[in-house]
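The values are calculated or read from the model by the stated rules, or taken from the named source; none is laboratory data. Since we're looking at a predicted model, the values are computed, not measured. Methodologically, a virtual Cβ is constructed for each residue, glycine included, from the backbone with ideal geometry; neighbour enumeration extends over all protein chains shown.
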């Protein structure tokens, strides 16, 4: 299998490919994620794993400080935000020359099961297979594009850089794009929630997603470096009247909290321990990421008390 970084040039491969998109703030998460996909597959030689890094796609940084359209309103693009990598979800078809099968995941998604089951799944003619979002976005028909199974030949209309540019021309809404509302609904199939399990680890979980940013296990104690999502104002909803108090609560959140499920912390640090042992992550890199406030400052102490994962 190939484990490496996917650059800006188109790349054609006969193998299915898992893409992990990231930025500089989530690099360690992406490396651990990549390791988890290879480690937990009985068919790791039959697919590639590649990391798409925001630093290799300067169109993201070039828009720093510019206004774009998000949920019908003007927002300011910040490349330094924790999740500035999200537009890169739409790059894999181009990188594979619009052919073949790909899975694309966020850098906070970790394989617990065998991704080969997903890569070889019958897509039943769909271009995309994913799950619904949770909460209000899901109720409104939003899809979770944080984990997608893609038939790249059916996604020739995806042009990541130019589509991203349309946000700043107010021709495309970021949330509609991320929620796949721009795609024909009949082109999207659904897989089981266990293939994108939101902060839930059960015996059925296949891909664990530490989607709640405030409790990501490798960030505990660090100052928060993300912008909380804004909620649309709906005066008919009783919760709208609580919005001022919610905002006060968000302002009070200054640092990342510990994940409420200790098993998920143990899973991440068990995988990170293996990455250090195998040279996937070096001690020097980890110390530098700690210095940059990208990884919690007590990471080595947590590693010392973390038991090795079962084979």
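Confirm whether residue 229 is modelled with pLDDT under 95 and under 17 Å from residue 35 (Cα atoms).
On the way: modelled with pLDDT under 95: yes; under 17 Å from residue 35 (Cα atoms): no.
Answer is no for this residue.
Could you list all residues from the stretch 176-190 that are modelled with pLDDT of 95 or more and surrounded by fewer than 20 Cβ atoms within 10 Å (Cβ to Cβ)? Don't jump to the end; show me each part of the working.
Going through the stretch 176-190, the residues modelled with pLDDT of 95 or more turn out to be 176-181, 183-190.
Those that are modelled with pLDDT of 95 or more and surrounded by fewer than 20 Cβ atoms within 10 Å (Cβ to Cβ): 176, 181, 183, 184, 185, 186, 187, 188, 189, 190.
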_Going residue by residue through the stretch 162-169, is there one that turns out to be within 15 Å of residue 92 (Cβ to Cβ) and either touching a strand residue (DSSP E or B) at 6+ places or on another chain (Cβ under 7 Å) or modelled with pLDDT of 95 or more (or both)?_
yes
*asked:* Every residue in the stretch 151-167 that is out of contact with any helix residue (DSSP H, G or I) (no Cβ under 6 Å at 6 or more places or on another chain) and either in contact (Cβ under 8 Å) with a residue 40 or more places away in the chain or not assigned by TED's automatic domain parsing to the domain that holds residue 73 (or both), please.
replied: 151, 153, 156, 159, 161, 163, 165
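Condition first: touching a helix residue (DSSP H, G or I) at 6+ places or on another chain (Cβ under 9 Å) and closer than 22 Å to residue 197 by Cα. Can you find one or more residues in the stretch 65-82 that meet it?
Here is the first cut: in the stretch 65-82, the residues touching a helix residue (DSSP H, G or I) at 6+ places or on another chain (Cβ under 9 Å) are 66-72, 75, 77, 79-82.
Right, trim to closer than 22 Å to residue 197 by Cα and you get 82.
Looking for residues that are touching a helix residue (DSSP H, G or I) at 6+ places or on another chain (Cβ under 9 Å) and closer than 22 Å to residue 197 by Cα, one finds at least one in the stretch 65-82, hence yes.
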*Of all residues in the stretch 172-199, count the ones that are in contact (Cβ under 8 Å) with a residue 60 or more places away in the chain, assigned to a loop (DSSP other than H, G, I, E, B) and under 18 Å from the mean Cα position of the chain (by Cα).*
3
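Out of the residues in the stretch 275-289 that are touching a helix residue (DSSP H, G or I) at 6+ places or on another chain (Cβ under 7 Å) and farther than 17 Å from residue 107 by Cβ, which is surrounded by the most Cβ atoms within 10 Å (Cβ to Cβ)? Before the answer, list the steps.
Narrowing the stretch 275-289 to residues touching a helix residue (DSSP H, G or I) at 6+ places or on another chain (Cβ under 7 Å): 275-276, 280-281, 283, 286, 289.
If we keep only those that are farther than 17 Å from residue 107 by Cβ as well, we get 276, 283.
Values: 276: 15, 283: 9.
For the stretch 275-289, the residue satisfying everything is 276.
For the stretch 255-268, enumerate the residues that are surrounded by fewer than 21 Cβ atoms within 10 Å (Cβ to Cβ) and assigned to a helix (DSSP H, G or I).
In the first step, residues of the stretch 255-268 are kept if they are surrounded by fewer than 21 Cβ atoms within 10 Å (Cβ to Cβ); the result is 255, 257-258, 260-266.
Correct list: 262, 263, 264, 265, 266.
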*Tally of residues being in contact (Cβ under 8 Å) with a residue 24 or more places away in the chain, outside any loop (DSSP other than H, G, I, E, B) and buried (at least 17 other Cβ atoms within 10 Å of the Cβ) across the stretch 290-311*: 2
*In the list 30, 14, which residue meets the criterion of being in a helix (DSSP H, G or I) and modelled with pLDDT of 60 or more?*
30
*What are the residues in the stretch 109-154 that are assigned to a loop (DSSP other than H, G, I, E, B), at pLDDT below 95 and over 19 Å from the mean Cα position of the chain (by Cα), if any?*
140, 141
*Inspect the stretch 43-64 for any residue being at pLDDT 95 or above, touching a helix residue (DSSP H, G or I) at 6+ places or on another chain (Cβ under 6 Å), assigned to a strand (DSSP E or B) and closer than 21 Å to residue 174 by Cα and give the result as yes or no.*
yes
*Would the stretch 135-150 turn up any residue that is farther than 28 Å from residue 271 by Cβ, in contact (Cβ under 8 Å) with a residue 12 or more places away in the chain and either touching a helix residue (DSSP H, G or I) at 6+ places or on another chain (Cβ under 7 Å) or not assigned by TED's automatic domain parsing to the domain that holds residue 187 (or both)?*
no
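Among what's in the stretch 40-71 and is in contact with a strand residue (DSSP E or B) (Cβ under 8 Å, 6 or more places away or on another chain) and without any contact (Cβ under 8 Å) to a residue 40 or more places away in the chain, pick the residue that is surrounded by the fewest Cβ atoms within 10 Å (Cβ to Cβ). Lay out the reasoning, then the answer.
Step one: list which residues in the stretch 40-71 are in contact with a strand residue (DSSP E or B) (Cβ under 8 Å, 6 or more places away or on another chain), which gives 40-41, 47-54, 56, 65-69.
Now restrict to residues that are without any contact (Cβ under 8 Å) to a residue 40 or more places away in the chain: 54, 65.
Values: 54: 22, 65: 8.
Going through the qualifying residues, I end up with 65.
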